[in-house]
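Q: Here's a structure for you.
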Amino acid sequence: MNVLGIETSCDETSIAIIRDGLLTANLISSQDFHSKFGGVVPELSSRAHLQIIIPLLKNALVKSNLKLNEIDLICATAGPGLIGALLVGLTFAKGLAYSLSKPFIAVNHIEGHVFSGFLMADKPEFPMLTLVVSGGHTILLLVESFTQVKKLGSTVDDAAGEAFDKVSKLLGFGYPGGPQIQKAASKGKATALTFPVAELKDPYNFSFSGLKTAVLRHIQNNYKNVDAIPEQEKNDIALSFQIAVIKALTIKLEKALKEFDVNSVSVVGGVAANHELRISVEKVVKKYNKNLVIPDLEYCGDNAAMIAFRGQKLFEAGIVHDLSYTPFPSLNPQHFS
Ligand code: KG4
Ligand code: ZN
């Protein structure tokens, strides 16, 4: 079976093909021009998806040595994400499915991330604890199978990636914030500053808005504006902030490791690309002697390989979606519960 995956939920256009179980293409075109606006401009994102999606599909077919009519299943992200951006990929996928008379699957982007560890050679084993850390979501899940996913907790305000992006902006680094904070943090002094880690009543929930405010207050109390912050101080703030985020994430992960007897742990989503987070999670998981799967960097950020994989699993479970399926901008709070 040859599966086509299409991802256009935010600022990455991605097309992937899984040919008879083997990932033969995962092409990702990132819209770097948003950085000059300090964040993603939805309308520009939709237009850029439109421009690149057909050439990307052609390249993916060439790379996979397939013709369009040899595709057996068409999967696309339906949400959550920017509605205009989602519309481009989803409508394109539905058009292809209709014209080729092939089945269509609408994939939940977060579910795509949840199972992205299965794209690695060393695959997770159920039951697994999965920490989703992306630009829009921070969710801790107990995943029993491809169809049984239980939410343990999630952020009550900002997502971890969102906090990286906001603090990056406060420091004048721009968008996307994660890689720039990581770079600055690598030159910071760990002892210079301490930022708070939120304590919440619910054992598996997260909160990052207080941390972001603490960084803002520190800057406002000490400097006239962002240009007045010395470079070393920016590096120290970046490091202290990153340490606080990692602490907040690993404390909850360790709590869950103590409570649930799982076979694997997986950390997924854009923030899982963070080098220090990967090292810290590895240390925690090692203590409990569990198998840890963090996808390679290519599969942490948004990619269509995870959409094709998730779509194929749904199809194998007997699911096919109608072409009237419409995109959705946010995750239903009941999802995963
Ligand atoms: O999963 P993703 O690509 O898109 C969403 O579904 O949201 O995640 C994007 C997020 C952004 O907030 C970005 O700043 C963050 O992932 N990110 C990182 C790193 N690389 C990307 N955060 C921390 N460290 C990184 N190295
Ligand atoms: Zn994502």
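The values are calculated or read from the model by the stated rules, or taken from the named source; none is laboratory data. Keep in mind it's a predicted model, so treat the numbers as computed, not measured. Note that we place each Cβ from the backbone using ideal geometry, even for glycine, and neighbour counts take in every protein chain shown.
Q: Please go through (1) more than 16 Å from L96 (Cα to Cα); (2) in contact (Cβ under 8 Å) with a residue 24 or more places away in the chain; (3) charged (D, E, K, R) for D32 and return the number of the only condition it doesn't satisfy.
A: Going through the list (1) more than 16 Å from L96 (Cα to Cα); (2) in contact (Cβ under 8 Å) with a residue 24 or more places away in the chain; (3) charged (D, E, K, R), D32 breaks only (2).
Q: Only one of these is over 22 Å from N26 (Cα atoms) and more than 14 Å from ligand 2 (Cβ to nearest atom): F173, F118. Name it.
A: F173
Q: Can you find a residue that is among the hydroxyl-bearing types (S, T, Y), in contact with a Gly (Cβ under 6 Å, 6 or more places away or on another chain) and not in a loop (DSSP other than H, G, I, E, B) anywhere in segment 264-271?
A: yes
Q: Kindly indicate which of G112, G79, G89 is farther than 16 Å from H49 by Cα, touching a strand residue (DSSP E or B) at 6+ places or on another chain (Cβ under 8 Å) and within 16 Å of ligand 1 (Cβ to nearest atom).
A: None of the others qualify; the one that does is G112.
Q: Right, here's the next one. Any residue in segment 48-71 that is assigned by TED's automatic domain parsing to the domain that holds A304, in contact (Cβ under 8 Å) with a residue 60 or more places away in the chain, within 16 Å of ligand 2 (Cβ to nearest atom) and not in a loop (DSSP other than H, G, I, E, B)?
A: No: segment 48-71 contains no residue that is assigned by TED's automatic domain parsing to the domain that holds A304, in contact (Cβ under 8 Å) with a residue 60 or more places away in the chain, within 16 Å of ligand 2 (Cβ to nearest atom) and not in a loop (DSSP other than H, G, I, E, B).
Q: Could you please let me know if A308 is within 21 Å of T250 (Cβ to Cβ) and buried (at least 20 other Cβ atoms within 10 Å of the Cβ)?
A: no
Q: I'm told S14 meets every condition in (1) part of a helix (DSSP H, G or I); (2) within 16 Å of ligand 1 (Cβ to nearest atom) except one. Can you identify the failing condition by its number?
A: Of the numbered conditions (1) part of a helix (DSSP H, G or I); (2) within 16 Å of ligand 1 (Cβ to nearest atom), the odd one out for S14 is (1).
Q: Tell me whether segment 291-311 contains one or more residues that are under 23 Å from G136 (Cα atoms), among the basic types (K, R), within 19 Å of the chain's Cα centre (by Cα) and more than 15 Å from ligand 2 (Cβ to nearest atom).
A: Within segment 291-311, not a single residue is under 23 Å from G136 (Cα atoms), among the basic types (K, R), within 19 Å of the chain's Cα centre (by Cα) and more than 15 Å from ligand 2 (Cβ to nearest atom).
Q: Of all residues in segment 115-134 being part of a strand (DSSP E or B) and within 13 Å of ligand 1 (Cβ to nearest atom), which is farthest from K94 (Cα to Cα)?
A: Looking at residues that are part of a strand (DSSP E or B) and within 13 Å of ligand 1 (Cβ to nearest atom), I get L131.
Q: Let me ask you something else. Using beta carbons and a limit of 7 Å, which pairs, at least six apart or on different chains, have the first residue in segment 196-218 and outside the structural domain of V245 (by TED's automatic domain parsing) and the second one of a type in the set (S, T, Y) and crowded, with 17+ Cβ neighbours inside 10 Å?
A: Between residues of segment 196-218 that are outside the structural domain of V245 (by TED's automatic domain parsing) and residues that are of a type in the set (S, T, Y) and crowded, with 17+ Cβ neighbours inside 10 Å, there is no close pair.
Each row is one residue, and each column tells you yes or no for (1) more than 16 Å from ligand 1 (Cβ to nearest atom); (2) within 13 Å of L211 (Cα to Cα); (3) not in a loop (DSSP other than H, G, I, E, B); (4) not assigned by TED's automatic domain parsing to the domain that holds L82.
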| site | (1), (2), (3), (4) |
| --- | --- |
| G136 | no, no, no, yes |
| I139 | no, no, yes, yes |
| L142 | yes, no, yes, yes |
| S145 | yes, no, no, yes |
| L152 | yes, no, yes, yes |
| D158 | no, yes, no, yes |
| F173 | no, no, no, yes |
| G178 | no, no, yes, yes |
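Residue-by-condition table, conditions (1) under 18 Å from K123 (Cα atoms); (2) crowded, with 18+ Cβ neighbours inside 10 Å; (3) within 16 Å of ligand 1 (Cβ to nearest atom):
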position: D296; (1), (2), (3): yes, no, yes
position: C300; (1), (2), (3): yes, yes, yes
position: A317; (1), (2), (3): no, no, no
position: V320; (1), (2), (3): no, no, no
position: Y325; (1), (2), (3): no, no, no
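Residue by residue, here is whether (1) assigned by TED's automatic domain parsing to the domain that holds L140; (2) more than 18 Å from C75 (Cβ to Cβ) holds:
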site: K290; (1), (2): yes, yes
site: N303; (1), (2): no, no
site: I307; (1), (2): no, no
site: R310; (1), (2): no, no
site: L323; (1), (2): no, no
site: T326; (1), (2): no, no
site: P329; (1), (2): no, yes
site: N332; (1), (2): no, yes
site: F336; (1), (2): no, yes
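Q: Considering only residues that are charged (D, E, K, R) and under 30 Å from K169 (Cβ atoms), look in segment 16-75 and name the one that is modelled with the lowest pLDDT.
A: K36
Q: Same structure, new question: Based on what the data block shows, is E276 surrounded by fewer than 19 Cβ atoms within 10 Å (Cβ to Cβ), in contact (Cβ under 8 Å) with a residue 40 or more places away in the chain and within 14 Å of the chain's Cα centre (by Cα)?
A: no
Q: Is there any pair linking a residue in segment 325-337 that is of a type in the set (A, V, I, L, M) to one that is assigned to a loop (DSSP other than H, G, I, E, B), with Cβ under 9 Å and at least six apart or on different chains, and which?
A: L331/P80; L331/G136; L331/H137
Q: Taking A238 as the residue in question, decide whether it is closer than 20 Å to L200 by Cβ and in contact with a helix residue (DSSP H, G or I) (Cβ under 6 Å, 6 or more places away or on another chain).
A: Judged against the criteria, A238 is not a match.
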